[in-house]
Each structure stands twice: as structure tokens, then as C-alpha cells.
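Derivation of every value follows stated rules applied to the coordinates shown; laboratory data play no part. Remember, it's a predicted structure, so these values are computed and weren't measured experimentally. Here the Cβ is made from the backbone with ideal geometry for all residues, glycine too, and neighbour counts use every protein chain on show.
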Amino acid sequence: MTVSEQNAITGQGADAIAASIEAGVDAGVLAPATQLPSVRALAADLGVSPTTVAAAYRALRRRGVIVTHDRSRTTVASGPPSPVRPSPPVPEGAIDLASGNPDPTLLPDLPAALSDLHVPLRLYGEPDAVPALIDRARAWFGTDGVSAQHLAVVSGALDGIERVLSVRLRPGDRVAVEDPAYASVLDLVRALGLVPVPVAIDIDGLLPDALDRALGSGVAAVVVTPRAQNPSSAAITSERAGALRPLLARHPRVLVVEDDHASAVAGPDAVTLTAGRERFAVVRSFAKALGPDLRVAVLAGDRLTMTRVRGRQRTGHGWVSHVLQHLTLRLWDAAAADGTLERARVAYAARRDAVVAALGERGITAWGRSGLCVWVPVDAEGPVLQRLLAAGWVAQPGELYRLASPPAVRLAVGAVPTDRVPALADAVADAILAPPGSRLG
């Protein structure tokens, strides 16, 4: 049997070969980490030129289907390149602990902001970013010790992360990610043809020994959430940052990307690992503080990274709408002035802390230091989620977020009123402590 037959690869042109491999991946014939034939070996088997096979592999790498680790070893990527993750259905009468939305009652008044919003006409060739928004962001970053000499406005936190990784890394590069990590970050890393390397965390953030091992393995970048870590709610403390910075300092060429997505309503003060680094980026979104539909975030980074990001942005959609930028600035000013941001920060902390405390009183360990989530370790996710659903609560399975870390379920508690916390804690405790084999519902 030839190597092409063994791997179910057919085709005479680059597009046909690529389609054959992708079909094998989709069907499960080519499992994650399966080593593919070398360019020359596959070309010989199929009777085509090595250039044709190389073109097919290039197209698959761009789509995140395969990863090339060195000049001769190419494998199927460790995860699907473009997964679609529909939100779990929420039956009528059930409470949604899965979506992770902010509480609408804690967002600023959008109609009021729109009613007196005055936006100047913007034409081609004018600055990409609204100067007043950039000035405000520069002061915000600077207060927290983040170098903000070079800034850009992007369409949300994930857009910023994608742009930074795209302009700094190449398919096959290894990227250290938190374990557990935000599911969309894992999907993005894989879709870019990068290889996620899990780094264990605790409630204080990345574990130093785990990060040291990842850095020693040759990662090209580290993606880290300094606070409101999703799903674990971890937040990097000053003490933990003090242990992590020397490890990173021994690897000055490693790109450090901080996803400060919840920023103004996350809870704890910001702690950054980027000070003095040669390659870095910090993105701050307004989704949790001002509303997810704004699709606006501010991105700070080193000169070269930001030059590449802005250049790549101009070759695509050009810029983030100035209408959205002016609206973001208007909402930001109003929410800061009337106390909306502070009320949201305090309310999310109170709800999160109340859930963790109530679970603790019932003998259930839970993580909850920052942000809108609570992470609850369990022995098996499926039965717990089914029992919670039977009790009227819809939560997220931890498997969406985990690489090597143990099972857990994520509870998005940002919109849970404090008077419902005892009922939630009872349902979680009942779901976790139910005897093995007990009936559901």
C-alpha cells in the first residue's frame, strides 16, 4: 500500500489534493496529530510534481487544517480549523449560565448616547482611529503600566489577538495558552495553524513552573488573561507577576499577548507582564463594560507589531467604523461619569463572591476571583450538566476550555441576582453530590 492509499489521499491538482486531505480530516480518517507523507513521497505516489503537493499543503496550512513542524514533518492540526459552537439551548423557564453575557441592567444607556451623538463625516485617507478615543486609551493603559506609545482600534478582543498572532507568527509555531483557556482563543490558535501548548493555572494565574516548561519547549508566543480569566475567573496577582516576569525575561523574543477583555468591570486592578518587552500586545475590549454589540477594542503593542497590525488592517476592512468609535467614547464617558462602570464592577464581584461562598458552605470547591464566571471542578461533566438542566439551570461543559486540566463546569453568574444564589448553590451541590448511577431529573 502506498503512503497516499494508506492516508486516503487522492487528486492530481493542488486543489483536489487539498480537498481530499480536508475530507479525510472531516471524516475522521485523518485524526489529529496524524503524520502526513512528505511532499516528495506524496508527489511520487500520486504521480504529480512536488510543487503541486507543496501548494496543496500551503493552502491547508493557511486554513489551519495541517501544521508543519519542520521541513519534513507535517501533521493534521490538533483541533478543527473553524469550529461552530452554537450556544446551548435554554428551555423556557430555565436560567442561562452558559452564554456569559453582561447584565443588561448594568450597561450604559445606549438610546440616550445615540440621541445626542454627533459624528463628523469621515472620508478615505483620514486617520484610522478617533484621536479622542486614542488619547483616552493611552491614558488608561499608561495608568496600569502598559506602554501605549503605539495604539490601534480593532473590532473586539479576538480580532486584536488574531491580528497580532497573524503578523508575528507563522503556521506551525507553538503558542503557550492557559489551561483551561477561553475556547475561542484555542479555536483561533488552531485556525491560524499554530500549536497550542497548555500552561496550568490556579486562581492567581499562570503557574511559574508550568510557564517555565512551556518557554523551554520553544514557544513563540504566550497568550494570557491578566484578570477575569475565562473560564476560571483567575486574576494574576502582583506576587505571581513577580515570579513570572523573570521567566519571561530569559526569553525576550517571545511574544506576550494579554487579553484584558473585561478590563473596566473585571474587578481587580490590572497587572501586566509586558513591561519592557521587545514583543508584546495588550487588548482591552468594551464588550462586558459597554455592550457586546459595539465590536470595539483598543490594542497597544510594540512599534513593529503595531505597524504590521495597522498595515494589515488597511489591506482588509480599512478601519473600525468611526461611528462606533465615537459611540464607544460617548458611552465610556457617560458610564464613568454616572458611576455605571463602578456599579457593574461591584455588582459582578458581589454576585461572583456570593456564588463561591454559597457553594463553599455546601462543601463544593469553586474558583471565583474576577470577572463574570465561576469555575467548579467536578468528577464528570456530563451528569452534572444534565442534573443542572433538569433543575432549570443551563451551564457550559469545561471540556470546551480544557487541554490537559481536569473536568469542571463553567457558571456564568454575571446576571444571576443575589436572591437566586442559594437556589443555584443547592442545584450545583445536588448535581455534584448525587450518588453515582442516580437517576437524572
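Note on the chain: with a GNM built from Cα contacts shorter than 10 Å, the maximum mean-square fluctuation among LEU207, LEU327, LEU114 falls on LEU114.
Between ALA380 and THR237, the FRET efficiency estimated from the beta carbon spacing at R0 = 30 angstrom works out to 0.45.
Where in region 151-240 are there GluC sites (Glu not before Pro) that are in a DSSP coil and have at most 14 other Cβ atoms within 10 angstrom of their Cβ?
Here no loop site has a sparse enough neighbourhood.
Could you work out the relative contact order of region 118-337? I mean the mean sequence separation of Cα pairs under 8 Å and 6+ apart, divided by the number of residues, in percent.
Working: 404 pairs, mean separation 57.7, N = 220.
In percent, rounded to a whole number, it is 26.
Please find the FRET efficiency linking TYR124 to ARG170, where r is the Cβ-Cβ separation and R0 is fixed at 30 Å, and quote it to the nearest 0.05. Working shown, then result.
Values: r = 32 Å, r/R0 = 1.06.
With a Förster radius of 30 Å, E is 0.40.
Between PRO102, PRO231, PRO50, the GNM of the chain built on Cα springs shorter than 10 angstrom shows PRO50 fluctuating the most. Here the peptides 125-133, 425-433 are ranked by packing, the mean other Cβ count within 10 Å, and the order with the highest first is 425-433, 125-133.
Listed peptides 397-404, 289-296 appear in the order 289-296, 397-404 once ranked by packing, highest mean of other Cβ atoms within 10 Å at the front.
One Cα centroid belongs to region 166-195, the other to region 108-143; the line between them spans 31 Å. Rounded to 0.05, the FRET efficiency of the ARG314 and GLN149 pair, given R0 = 22 Å and the Cβ-Cβ distance, is 0.65. Taking every alpha-carbon pair under 8 Å whose residues sit at least 6 apart, the chain reaches a relative contact order of 18 percent. The charge dipole of region 3-76, taken about its Cα centre with unit charges on the Cβ atoms of Lys, Arg (+1), Asp and Glu (-1) only, comes to about 340 debye. Sorted on the mean count of surrounding Cβ atoms within 10 Å across their residues, most packed first, peptides 116-124, 369-377, 35-43 read 369-377, 35-43, 116-124.
Each part gets one Cα centre, and for region 348-401 versus region 147-162 those centres are 31 Å apart. When only Cα pairs below 8 angstrom with a gap of at least 6 residues are kept, region 3-76 shows a relative contact order of 34 percent.
Evaluated with a Cβ-only charge set (Lys, Arg +1; Asp, Glu -1), the chain carries a dipole of roughly 1340 debye about its Cα centre, given to the nearest 20.
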